[in-house]
Amino acid sequence: GHVEAAIKSYKQALHLRPDFPEATCNLLHTLQCVCSWEDRDQMFTEVEGIIRRQINVSIDMLMSVLPSVQPFHAIAYPIDPMLALDISRKYAAHCSMVASRFALPPFNHPAPNRIKGNGGNERLKVGYVSSDFGNHPLSHLMGSVFGMHNRENVEVFCYALSQNDGTEWRQRIQSEAEHFIDVSAMSSDVIAKMINEDGIQILINLNGYTKGARNEIFAMQPAPIQVSYMGFPGTTGADYIDYLVTDEFVSPLCYSHIYSEKLVHLPHCYFVNDYKQKNRDVLDPTCQHKRSDYGLPEDKFIFACFNQLYKMGPEIFNTWCNILKRVPNSALWLLKFPAAGEMRLRAYAAAQGVQPEQIIFTDVAMKHEHIRRSALADLCLDTPLCNAHTTGTDVLWAGLPMVTLPLEKMATRVAGSLCLATGLGEDMIVNSMKEYEEQAVTLALNRPKLQALTKKLKEARLTCPLFDTARWVRNLERAYLKMWNLYCSGQQPQHFKVTENDFDFPYDR
């Protein structure tokens with residue numbers, strides 16, 4: 001009900017003030033969240049026009065012209081990647097302005113001294129800043145990372161921008177990280193001073209433009225090397241963020257122009273996870289769930305997509321409807337996320353000639369439960385405009401193969417990278433919407449082929465790079481060491497690739 005009310009009020013605001021960009025953009029976002037797609041292309045064209053006008057307003061009037069579409073929404077919309085970069089740049093400039101109000105003198109940075117493993121005797125000091133140390137997907141995925149760093153060579157500082165939420169995730173990171181500082185009650189300038197006094201050499205922004213972020217801390221430049229990682233699957237547009245940690249598939253160099261940062265390519269996949277440590281029971285064949293536990297039909301071929309509804313669009317939904325019509329006795333399993341989208345999607349499917357019982361909605365489940373029940377589906381169908389990221393690792397760990405179509409922006413390529421890092425990517429990545437439909441139908445109709453893929457995926461879980469957290473952390477440390485070495489030799493940040501047999505690296509000797 002409140003969604004319908006919001007739509008009504010935005011429409012009224014537009015009627016009263018057709019030049020009111022916030023209303024147009026908020027309306028678009030609300031419609032997107034509940035899968036209301038009438039006139040969608042026209043609305044996106046209109047919104048692109050609004051943003052372009054806002055971006056062209058001179059920089060002196062910065063206050064009045066933050067683009068009405070936030071960077072986080074720009075990631076998931078079919079808007080031009082260069083426009084998404086411009087939106088991020090505006091938000092980055094706004095953070096700089098917030099930072100300048102604190103009127104801090106510029107910070108002095110640690111001297112470019114060689115560190116341990118490189119002829120020196122100091123450890124590399126790495127700081128992680130996040131508002132998500134707690135019950136949040138970031139901590140579910142990164143929980144082990146902070147404690148897995150090699151203490152001989154790296155000294156880890158976690159700066160928590162949020163209060164202790166009392167959950168096991170917060171507890172765990174607090175106890176495993178070498179230094180964990182709750183800075184949630186401090187002002188941004190005090191936090192920046194602390195980071196600088198701690199002598200942090202590489203500062204990692206785990207938020208980007210997400211809820212709870214305090215990017216002005218980075219705009220104050222308390223550390224000599226500043227890096228964006230994990231929280232925000234796009235470019236920050238910030239000249240004070242030197243690097244983006246990503247991989248060659250997600251951010252190929254041919255697309256480097258849509259990023260402001262220098263790209264650091266980790267081997268395999270940039271997206272870390274913690275299932276090997278925290279969700280081993282999924283591997284136990286004796287405690288598997290049954291379809292009947294969830295009211296799912298025993299006899300149907302079940303396609304599933306567990307992404308939030310805002311990641312869907314009419315093009316992919318049409319394709320799903322075609323797939324359902326071509327595969328006899330099949331169904332599509334979706335989450336009520338949000339529930340307000342359910343009726344619209346049902347009506348949409350019916351209009352395409354899909355039978356009502358072919359669309360199944362269930363409630364969102366707790367993380368643990370969600371992973372276990374994912375295995376009850378037969379094939380996962382990914383959303384191209386904004387992929388399954390955390391959800392993608394969930395289904396692959398559950399042993400559920402997927403079909404994914406990578407586009408240009410970072411958020412459209414993550415699932416493909418996850419698939420490649422299982423070693424079975426060629427069977428799951430397609431190159432066009434037509435190919436997407438054919439691959440899904442082929443796998444559904446060729447049961448032996450799908451069963452073989454599922455079996456290989458299940459067997460790969462404990463050995464493939466995707467789920468090897470310890471191996472991933474070593475590669476991240478290689479990246480940090482290379483950043484520091486470039487800084488020590490007086491070079492500017494530059495794109496680089498991390499390789500696992502890199503003899504510059506102390507652990508390989």
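A few remarks follow.
- Accessible area per residue for the chain, computed on protein heavy atoms with a 1.4 Å probe, is 40 Å².
- Modelled FRET efficiency - R0 41 Å, S9 with V57, Cβ distances, 0.05 increments: 0.95
- Helix 81-100 and the longest principal axis of the Cα set of the chain meet at an angle near 40°.
- FRET efficiency for Q42 and Q277, using Cβ-Cβ distance with R0 set to 45 Å, rounded to 0.05: 0.40
- Take every DSSP beta bridge whose two residues both sit in the chain; close to 0 percent of them are antiparallel.
- Here is how the number arises for the chain: DSSP H runs of 4 or more residues each give -39500 (n - 2.57), the sum is divided by the residue count, and the result at 222 nm is -12000 deg cm²/dmol.
- Cα radius of gyration and Dmax for segment 36-113 (Å): 16.7, 59
- Around the amide H of F180, modelled in the peptide plane, lie the amide H atoms of C158, all under 5 Å away and 5 or more residues distant in sequence or on another chain.
- Estimated distance in nm for a label pair at D293 and V364, the labels positioned 7 Å out from Cα along Cα-to-Cβ: 2.1 nm
- Computed over the chain: relative contact order in percent, which uses C-alpha pairs under 8 Å that are six or more apart: 15 percent
- Distance between the C-alpha centres of segment 181-250 and segment 266-296: 31 Å, rounded to the whole angstrom.
- Note on D80 and E152: with the Förster distance fixed at 41 Å, the Cβ-Cβ geometry gives a FRET efficiency of about 0.30.
- The loop-placed trypsin sites (Lys or Arg not before Pro) in segment 30-129, going by DSSP, that have at most 16 neighbouring Cβ atoms within 10 Å of their Cβ come out as R101, R114.
- Principal semi-axes in Å for the chain [√(5λ), Cα gyration tensor, largest first]: 38, 30, 20
- Shown here for segment 295-394: trypsin sites (Lys or Arg not before Pro) in loop regions (DSSP other than H, G, I, E, B) with at most 16 other Cβ atoms within 10 Å, namely K336.
- Counting protein heavy atoms only, the chain has 52 percent of its accessible area on carbon and sulfur, 1.4 angstrom probe.
- Along the chain, longest interval not containing exposed GluC sites (Glu not before Pro), exposed being DSSP loop plus at most 16 other Cβ atoms within 10 Å: 179-297
- Length gained when the stretch T442-L16 is fully extended (0.36 nm per residue, less Cα-Cα span): 148.2 nm
- A full extension of the chain between N485 and N113 corresponds to an added length of 133.0 nm, given 0.36 nm per residue minus the alpha carbon distance.
- Segment 458-477 versus segment 89-109: alpha-carbon centroid distance in Å: 38 Å
- Cα convex hull volume per residue for segment 3-73 (Å³): 94 Å³
- Loop trypsin sites (Lys or Arg not before Pro), segment 155-261, which have at most 13 other Cβ atoms in a 10 Å radius of their Cβ (DSSP): K211
- Euclidean distance of C-alpha centroids, segment 318-392 and segment 479-501, integer Å: 43 Å
- q = 0.18, 0.20 Å⁻¹, segment 281-466: log10 I(q)/I(0) [Debye, one scatterer per Cα]: -1.29, -1.66
The values are calculated or read from the model by the stated rules, or taken from the named source; none is laboratory data. In this text, all values refer to a predicted model and were calculated from it rather than measured experimentally. Because the Cβ atoms are built from the backbone with ideal geometry, glycine has one as well, and the counts that use them run over all protein chains shown. Each accessible area value is taken on the protein alone, full model and side chains, heavy atoms only, with ligands, DNA and RNA left out. Shrake-Rupley method; radii C 1.70, N 1.55, O 1.52, S 1.80 Å.
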